[in-house]
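One structure is given below, encoded as C-alpha cells.
FYI, it's all coordinate maths here, none of it is from the lab. All values reported here derive from a predicted model rather than from experimental measurement. Positions of Cβ are generated from backbone atoms using ideal geometry, with glycine treated the same way; all protein chains shown enter the neighbour counts.
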C-alpha cells in the first residue's frame, strides 16, 4: 500500500495511523503481538521513517501500542480508550518520557522541609527546596495524564525558570546549568488513594485509586538534588518493564 500525497489528501501520518488503528481494532495484529518494523512499514506505505514514527507515537498516545527501544512496537489493547503506557528501563527512556509529556505548572515556590516533608523526601529537616506542582499532558489528549509534584534542592533552584517552559527532564537542566551529574535515580511505585481535587482534573471518579511514582535523583556522593512525585489514574496507566539477562 502507498498512501496518497495529493494536495487535498489526508496527511500522510494520519493515513498510516487510520490504517494501523483499523487493523488493530480488527485483531490483526492481536494484543501482545508486534507490529512490523519501522523499515517494513516505510516500505509498505511508501513513506519516510519520520512519518512512521509520528504515526506510532499517535498510536501510543491512544493507548493501542507500546514501544520499547530495541524491542519494537507491541499491541497492548484493541480499543481506543485513553490509556497511558510508560515503559522506562533506562535514563535515556526517562528522558524521552519527559520530552513527550508536556508539563504545565500550576504553582511553585520555595519551601523549608519540616519534619513531615523531611520524611517524605528523605532529606534533612530545615533544608530549602523549590516546589513545583502541575499536570502533564501528551499530544492529542485533552485530559492530563498525571499530576506531578517536583522538589529541587535550593542549590539548583535556578532551573525553575525553565520548568514548564520547555521540553525535557528537570534533572538534565540541573546537570547543564550547574555542572553536576545525576548518577542514580531511585524509583518506587505504589497504589494510594486519589486526592479528590487531583482526581477531578484527571477525570477519575470519586474514591478512585491512584498509581503513585516517586523518583529520587541523587548525585555521585548520594546527595539528593531532586525528588518527583507523579499520580496517575490506576485504570489508565500501565508500567512496562523488560528484564534482560547478562550474556
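Counted residue by residue at 0.36 nm each, then reduced by the alpha carbon distance between them, the extension gain from residue 117 to residue 176 reaches 18.5 nm. From most to least packed by mean Cβ count within 10 Å, the peptides 158-171, 61-74 give 61-74, 158-171. Cβ-Cβ distance of residue 190 and residue 137, R₀ of 30 Å, FRET efficiency by 1/(1 + (r/R0)^6): the value works out to about 0.80. Annotation for residue 44 and residue 28: the two label points, set 7 Å from Cα along the Cα-Cβ direction, are 1.0 nm apart. If the chain linking residue 223 and residue 71 were pulled fully straight, counting 0.36 nm for each residue of separation and taking away their Cα-Cα distance, it would gain 51.3 nm. Out of every Cα-Cα pair in region 86-240, what percent are more than 18 Å apart? Here the tail beyond 18 Å accounts for 58 percent of pairs. Using a 7 Å offset from Cα along Cα-Cβ at residue 183, what residues in region 189-222 end up with backbone N under 13 Å from the label point? Answer for region 189-222: 218-222.
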